[in-house]
Amino acid sequence: MRILVADDHEIVRRGICAILAAEPTLTVCSQAVDGRDAVEKAVALDPDLVIMDISMPNMNGLEATREIKRLLPKIEIVIVSQHEAPEMVHQALKAGARGYVMKSTISADLLTAIRKANRHETFVNGVELANAKRNLDAQEILNRSAAYEKALRANERFFREMINAIPAAIYTTDAEGRLTHFNPAAAKFSGRMPELGNDQWCVSWKLFWADGTPMPHDQCPMAVALKGGRIVEGVEAIAERPDGTRVWFTPYPRVLRDEEGRIIGGINMLVDITRRRQSEQVTNLLAAIVESSDDAIISKSLDGVITSWNKSAERMFGYTAEEAIAQHITLIIPPRYRAEEAIILDRLKRGERVDHFETVRLRKDGRTIDVSLTISPMTDSTGRVVGASKVARNITEQKQIERELRESEERLRMSKERLRELAWELENQVRTRTQELEQRNAEVLKQSELLQELSNRLLQSQDDQRRHIARELHDSAGQTLTVLGMSLSKLIRKVQQEAPNVAKDACEIEQVVQQLSREIRTTSYLLHPPLLDESGLGAALEWYTDGLRERSGLAISLDISEDFGRLPCDLELAIFRVVQECLTNIHRHSGSKSADIAITRDAQFVYVTVQDQGKGISPEKLAAIQTARSGVGIRGIRERLRLFHGVMNIESNDCGTKISGMIPFRRDMPLSGPVEISSVQTAE
């Protein structure tokens, strides 16, 4: 027989060809990389049989099967697929395929399927699949796995480029300390271009401890980590490059281990702290100048937090440096003068300087003093304002004379007119405060709307990530396990006669691989069942409840009419997640042995009900749900329904719990009341 093999994964095609090579009567006449390529090569080569994958780009396997049977009806076609859903088997046979083989059992069933197809007999592995009689339309046969492989390669390239873009020196070594990779910053740091595979990173340097004493190379943090796995943190060291220049740095070594815990290499990041050390020297000199000044010199952050406090400040304000540093500058500002501090900070943030600003400050003993302030913005190396320095001079005696004169004049002018002015000012303040409260209320309402929008986006992002991970597991890990299974099968056939004990062990491994393949496929479908996209809500829920019933022993009944039809994709996903969360809560917390699900619809709404016969929800938990302090599961259900302006109702007593949801088809039809909670108290 001349056979054409069509699959978009090269490793799968190689595995299939290896199985076929064991039969001398079978010949692979060509290979196709997608559905369209399979049709063209079938027309050109006229093979006896085509082995066809379903999930392929350009044209999927079902479409290619229909086209080949239309053009060349005598050609037999055997479908190989990861899907074990009865609906998919039905669609394959309906398209004209003669056989349907699961990739997880391809090594055991492929040759049997080919022989039956040659006799024009139908082959479907698995009693459940063979006896399935469904007639559901498949919406889409997976996305192209090649796109995900491309994405994986892009991610790998992205992370490598990201490491290379990091300004800190990063390198990796093998277990003996030989270089295996380094980024451009590492090459610049070393002062030479290292040689991968030969150089040990620090051999060309002279190393010194922070106090200037030589550091033996076998005592450097990376060597210590590779030798015994001990990580040395917080070390500062000096490296002397080949040209004689010295660099202060801090290493951050980590070891790399294999699956058995053995050290196979290491990764290290070297942070250049030379400029910081030089800055510390300059800072120490400036600190000495500040400490010797007769004026109080204070520095603070743009948030008003004190960062330095000299001796003159201690004498002027009465606080020691330990008491003042890390406190807010309002420590020395009387309450009535604190508004001016905000004005000063705003000017500093704009880079402005404040000269000879006269004001009042507060000492530790409670006395106030008059001061003249000169405040200057402090900038970092990029010119960005990061704080302020304040020089304060005591002018209390001068201001005391002026103050006494002003107070005397003020007492003379005090009259009824002044009283009316004060009343008018108070009225203005009340009016202003009222306006502020009204504005604040409007801002709170707006923030509530933004929070709701953020919640909706988080749910959408979570669903998208589940769909992405599910497809990654299905198309990448699943395909690799398929090839591994085929390779084990080939090995078993080779050693069955010569080494039956080895063949027995290999058979056990093959069973483990098949079990792992099934578990990965189940995990993938739980993250995002493909039937939800391909066949709709009813088929997806049937699949999920069948699986949960088998895994948990929970008696689940699903009531959804066969003519329920399709809903918008996002609405179907929301309803599926609501039912999934309800069943999870029943299985884990209710103690119920059964669960009843009912989903109906009318012209405007979809109705979802999930009920158990468990121990019910306590009044305390019901109260928590009512005040939005419920657990993650209930909050997730509430947010998914709220996204569609739906409502949720919870009824619970000691005979069980019933959760009901009503969702409008249109999102511009909000319903009143996000949650209704009823409870029947039990006698205690």
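The values are calculated or read from the model by the stated rules, or taken from the named source; none is laboratory data. Model, not experiment: these values are computed from the prediction. Neighbour counts run over all protein chains shown; Cβ positions are idealised from the backbone, glycine included. Accessible surface areas use protein heavy atoms only, side chains included; no ligands, DNA or RNA. Shrake-Rupley method; radii C 1.70, N 1.55, O 1.52, S 1.80 Å.
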Subject >> Unmet criterion (only one of (1) open to solvent by 10 Å² or more (accessible area, probe 1.4 Å); (2) under 33 Å from the mean Cα position of the chain (by Cα)) for Ser618 >> reply: (2)
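Look at the stretch 546-565 and say how many of its residues are under 17 Å from Thr600 (Cβ atoms) and either of a type outside the set (D, E, K, R) or modelled with pLDDT under 85 (or both). Explain how you work it out, then say what you get.
Here is the first cut: in the stretch 546-565, the ones under 17 Å from Thr600 (Cβ atoms) are 557-565.
Now narrow it down to the ones that are either of a type outside the set (D, E, K, R) or modelled with pLDDT under 85 (or both): 557-558, 560-565.
Residues in the stretch 546-565 being under 17 Å from Thr600 (Cβ atoms) and either of a type outside the set (D, E, K, R) or modelled with pLDDT under 85 (or both): 8 in total.
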**OP:** Kindly list the number of the only condition in (1) in contact with an Asp or Glu (Cβ under 7 Å, 6 or more places away or on another chain); (2) surrounded by 15 or more Cβ atoms within 10 Å (Cβ to Cβ) that fails for Thr320.
**Re:** (2)
Original post:
Looking at the stretch 597-608, which of its residues are open to solvent by 60 Å² or more (accessible area, probe 1.4 Å) and either part of a strand (DSSP E or B) or not acidic (Asp, Glu) (or both)?
Top reply: Thr600, Arg601, Ala603, Gln604, Tyr607
**OP:** Within the stretch 365-384, identify whether any single residue is open to solvent by less than 50 Å² (accessible area, probe 1.4 Å) and part of a helix (DSSP H, G or I), and answer yes or no.
**Re:** no
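Can we say Ile659 is outside any helix (DSSP H, G or I), modelled with pLDDT of 85 or more, touching a helix residue (DSSP H, G or I) at 6+ places or on another chain (Cβ under 7 Å) and surrounded by fewer than 21 Cβ atoms within 10 Å (Cβ to Cβ)?
Details: outside any helix (DSSP H, G or I): yes; modelled with pLDDT of 85 or more: yes; touching a helix residue (DSSP H, G or I) at 6+ places or on another chain (Cβ under 7 Å): yes; surrounded by fewer than 21 Cβ atoms within 10 Å (Cβ to Cβ): no.
Here the answer is no, as Ile659 does not meet what is asked.
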**OP:** Pull up the stretch 332-352, narrow it to residues that are touching a residue at least 12 places away in the same chain (Cβ under 8 Å) and over 43 Å from the mean Cα position of the chain (by Cα), then point me to the one that is surrounded by the fewest Cβ atoms within 10 Å (Cβ to Cβ).
**Re:** Pro334
Original post:
From the residues in the stretch 237-249 that are in contact (Cβ under 8 Å) with a residue 40 or more places away in the chain and part of a loop (DSSP other than H, G, I, E, B), which one is most open to solvent (accessible area, probe 1.4 Å)?
Top reply: Asp243
Original post:
Counting only residues that are in contact with a Leu (Cβ under 6 Å, 6 or more places away or on another chain), open to solvent by 10 Å² or more (accessible area, probe 1.4 Å) and among the polar types (S, T, N, Q), how many does the stretch 531-558 have?
Top reply: 1
Subject >> Condition check for Thr65: more than 23 Å from Glu510 (Cα to Cα), hydroxyl-bearing (Ser, Thr, Tyr) and part of a helix (DSSP H, G or I) >> reply: yes
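Filter the stretch 662-674 down to the residues that are open to solvent by 10 Å² or more (accessible area, probe 1.4 Å) and at pLDDT 85 or above and list them by number. Working first, answer last.
Keep residues of the stretch 662-674 that are open to solvent by 10 Å² or more (accessible area, probe 1.4 Å), which gives 662, 665-674.
Listed by number, the list holds a single entry, Met662.
Answer yes or no as to whether Ile332 is more than 30 Å from Ser279 (Cβ to Cβ) and either out of contact with any strand residue (DSSP E or B) (no Cβ under 9 Å at 6 or more places or on another chain) or among the hydrophobic types (A, V, I, L, M, F, W, C) (or both).
Values: more than 30 Å from Ser279 (Cβ to Cβ): no; either out of contact with any strand residue (DSSP E or B) (no Cβ under 9 Å at 6 or more places or on another chain) or among the hydrophobic types (A, V, I, L, M, F, W, C) (or both): yes.
So Ile332 does not fit the description; no.
Evaluate the following for Ala595: is it of a type in the set (Gly, Ala, Ser) and in contact with a Phe, Trp or Tyr (Cβ under 9 Å, 6 or more places away or on another chain)? Don't jump to the end; show me each part of the working.
Working: of a type in the set (Gly, Ala, Ser): yes; in contact with a Phe, Trp or Tyr (Cβ under 9 Å, 6 or more places away or on another chain): no.
Considered against the rule, which asks whether it is of a type in the set (Gly, Ala, Ser) and in contact with a Phe, Trp or Tyr (Cβ under 9 Å, 6 or more places away or on another chain), Ala595 comes out as no.
Search the stretch 166-196 for residues being part of a helix (DSSP H, G or I) and touching a Leu at 6+ places or on another chain (Cβ under 8 Å), and hand back the single one that is surrounded by the fewest Cβ atoms within 10 Å (Cβ to Cβ). Reasoning before the result, please.
Filtering the stretch 166-196 down to residues part of a helix (DSSP H, G or I) leaves 184-190.
Add one more test, that the residue is touching a Leu at 6+ places or on another chain (Cβ under 8 Å), and what stays is 186, 189.
Working: Ala186: 23, Phe189: 21.
Filtering first and then ranking leaves Phe189.
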Original post:
Can we say Arg13 is in a helix (DSSP H, G or I), at pLDDT below 90 and not hydroxyl-bearing (Ser, Thr, Tyr)?
Top reply: yes
Original post:
Which of (1) touching a residue at least 40 places away in the same chain (Cβ under 8 Å); (2) crowded, with 21+ Cβ neighbours inside 10 Å; (3) not in a strand (DSSP E or B) does Ala18 not meet, given it meets every other one?
Top reply: (2)
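I'd like the full set of residues that are assigned to a loop (DSSP other than H, G, I, E, B) and more than 16 Å from Val247 (Cα to Cα), limited to the stretch 207-236.
Within the stretch 207-236, the subset assigned to a loop (DSSP other than H, G, I, E, B) is 210-213, 215-216, 220, 229-236.
Result: Pro216, Gly229, Arg230, Ile231, Val232, Glu233, Gly234.
Would you point out which residue out of Leu412, Leu458 is part of a helix (DSSP H, G or I), open to solvent by 100 Å² or more (accessible area, probe 1.4 Å) and at pLDDT 70 or above? Outline the logic, then answer.
Values: Leu458 fails: at pLDDT 70 or above.
After applying the criteria, what remains is Leu412.
Looking only at the stretch 21-47, which residues are among the aliphatic types (A, V, I, L, M), crowded, with 16+ Cβ neighbours inside 10 Å and assigned to a helix (DSSP H, G or I)?
Within the stretch 21-47, the first condition is being among the aliphatic types (A, V, I, L, M), and the residues that meet it are 21-22, 26, 28, 32-33, 38-39, 42-45.
Adding the requirement that they be crowded, with 16+ Cβ neighbours inside 10 Å leaves 26, 28, 32-33, 38-39, 42.
Ala38, Val39, Ala42, listed by residue number.
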Original post:
Here is a list of conditions, (1) of a type in the set (Lys, Arg); (2) at pLDDT below 85; (3) within 25 Å of Val305 (Cβ to Cβ), and Arg361 meets all of them except one; can you say which number that is?
Top reply: (2)
**OP:** Determine, yes or no, whether Asp612 is at negative phi, surrounded by 17 or more Cβ atoms within 10 Å (Cβ to Cβ) and not aliphatic (A, V, I, L, M).
**Re:** yes
Original post:
Which ones in the stretch 48-66 are surrounded by fewer than 24 Cβ atoms within 10 Å (Cβ to Cβ) and free of Cβ contacts under 8 Å to residues at least 60 places away in the same chain?
Top reply: Asn58, Met59, Glu63, Arg66
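Report whether or not Ser293 is surrounded by fewer than 18 Cβ atoms within 10 Å (Cβ to Cβ) and within 46 Å of the chain's Cα centre (by Cα). It would help to see each step written out before you state the result.
Numbers: surrounded by fewer than 18 Cβ atoms within 10 Å (Cβ to Cβ): yes; within 46 Å of the chain's Cα centre (by Cα): no.
No.
Can you tell me which residue in the stretch 304-314 is nearest to Thr368 (Cα to Cα), limited to those that are in contact (Cβ under 8 Å) with a residue 12 or more places away in the chain and open to solvent by 30 Å² or more (accessible area, probe 1.4 Å)? Spell out how you get there, then give the answer.
Here is the first cut: in the stretch 304-314, the residues in contact (Cβ under 8 Å) with a residue 12 or more places away in the chain are 304-313.
Filter once more, so that each one left must be open to solvent by 30 Å² or more (accessible area, probe 1.4 Å): 305, 307-308, 311.
Details: Val305: 21, Thr307: 22, Ser308: 21, Lys311: 19 Å.
Filtering the stretch 304-314 for residues that are in contact (Cβ under 8 Å) with a residue 12 or more places away in the chain and open to solvent by 30 Å² or more (accessible area, probe 1.4 Å), the one nearest to Thr368 (Cα to Cα) comes out as Lys311.
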Original post:
Would you say Ser561 is open to solvent by 50 Å² or more (accessible area, probe 1.4 Å), among the hydroxyl-bearing types (Ser, Thr, Tyr) and more than 27 Å from Met648 (Cα to Cα)?
Top reply: no
Original post:
Only one of (1) modelled with pLDDT under 70; (2) closer than 14 Å to Val78 by Cβ; (3) of a type outside the set (D, E, K, R) is not met by Val101, so which one is it?
Top reply: (1)
Original post:
Given Glu581, Glu572, which one is within 28 Å of the chain's Cα centre (by Cα), in a helix (DSSP H, G or I), at pLDDT below 85 and not aliphatic (A, V, I, L, M)?
Top reply: Glu572
